Amino acid sequence: MSPSRRKAQTAIEVLFITAIILAGILLVVPTYLDENTASSIISYVRGSASDACAYLNTGVIINESIYTPLNAIINASNYTYRAFQLAGVRTAEINGTIQVNVTITYTGAGLPESTVEANIKQYIEDDLTSKTNVVKQDGKLYLGGREIEINVDVVRV
């Protein structure tokens, strides 16, 4: 076999191997990126919810617009310590929408839980849009083109 035929055969073999590698990458990467988006959302929401609990537990009001929903909760509790604690974050994907369910517990006298839930949810949404790549359009949150729905459940223990 002449040297030019061996070089040609080697070049074809290299192209074939490269095609197999690229096809594998095209099959694996989209799945990885979808999973990475869901993991990022969980991490972002958990961090924001944890920050909300820490802020509420301090009982000190800061006059920054992002804290306005949480300041209303502190005022409603009459600056009383309530031991807000992040109990859990669960996710589910429903019809292409990533649904994030946040559970927060607190102690002490009852607060209007629906108002507390709405205010903490508002804080989480505002925090996500200000610190991450999450975008709010038409009242809905999106990250990388995927819709995010956040539900907050506040329970007195």
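The values are calculated or read from the model by the stated rules, or taken from the named source; none is laboratory data. These numbers come from a predicted model, not from an experiment. Cβ atoms come from the backbone with ideal geometry, glycine included; neighbour counts cover every protein chain shown. Just so you know, the surface numbers come from the protein's heavy atoms only, side chains and all, with ligands and any DNA or RNA stripped out. Shrake-Rupley method; radii C 1.70, N 1.55, O 1.52, S 1.80 Å.
Out of 117, 64, 147, any idea which swings most in a Gaussian network model of the chain, alpha carbons joined below 10 Å?
Residue with maximal mean-square fluctuation among 117, 64, 147: 64.
For residue 54 and residue 18, compute 0.36 nm times the residue count separating them, minus their Cα-Cα distance, and round to one decimal in nm.
Value of the extension gain: 7.8 nm.
Helix 113-131 versus the longest principal axis of the chain: what angle, 0 to 90°, nearest 10, using Cα atoms?
Orientation of helix 113-131: about 40 degrees from the principal axis.
Over the chain, give the accessible area per residue in Å² for a 1.4 Å probe, as an integer.
60 Å²
Only one of the values (i) -0.31, -0.71, -0.80; (ii) -0.42, -0.73, -0.81; (iii) -0.44, -0.83, -0.88 was calculated from this structure for log10 I(q)/I(0) by the Debye sum over Cα atoms at q = 0.09, 0.14, 0.15 Å⁻¹; name its label.
The listed entry that was calculated here is (ii).
How big is the antiparallel share of DSSP beta bridges in the chain, given as a percent to the nearest 5? Each step should come with its number before you reach the end.
On the way: 15 of 24 bridges.
Beta bridges within the chain, antiparallel portion: roughly 60 percent.
Using only DSSP helix segments of four residues or longer, with each worth -39500 (n - 2.57), what per-residue ellipticity at 222 nm results for the chain after dividing by its residue count and rounding to 500?
Here the helix-only value at 222 nm equals -19000 deg cm²/dmol.
Find the centroid of the Cα atoms in region 83-108 and in region 119-157, then give the distance between the two in whole Å.
Taking the Cα centre of each part, region 83-108 and region 119-157 sit 11 Å apart.
Share of the chain's accessible area from carbon and sulfur, percent, 1.4 Å?
C and S atoms contribute 56 percent here.
Please determine, in degrees from 0 to 90 and to the nearest 10, the orientation of helix 3-58 with respect to the longest principal axis defined by the Cα atoms of the chain, where the helix direction is its Cα long axis.
Result, in degrees: 0.
Any idea how far apart residue 5 and residue 78 come out in nm if each label point goes 7 Å out from Cα toward Cβ?
The answer from the label model is 9.7 nm.
Report, ordered by chain and residue number, the aspartates and glutamates lying within cross-link reach of residue 7, taken as a straight Cα distance under 17 Å and ignoring same-chain residues fewer than 8 apart.
Output for residue 7: empty list, no partners.
Using packing as a proxy for protection, rank 47-56, 80-89 so that the peptide with the highest average count of other Cβ atoms within 10 Å comes first.
Details: 47-56: 20.2, 80-89: 16.3.
Going by the mean number of other Cβ atoms within 10 Å, highest first, we get 47-56, 80-89.
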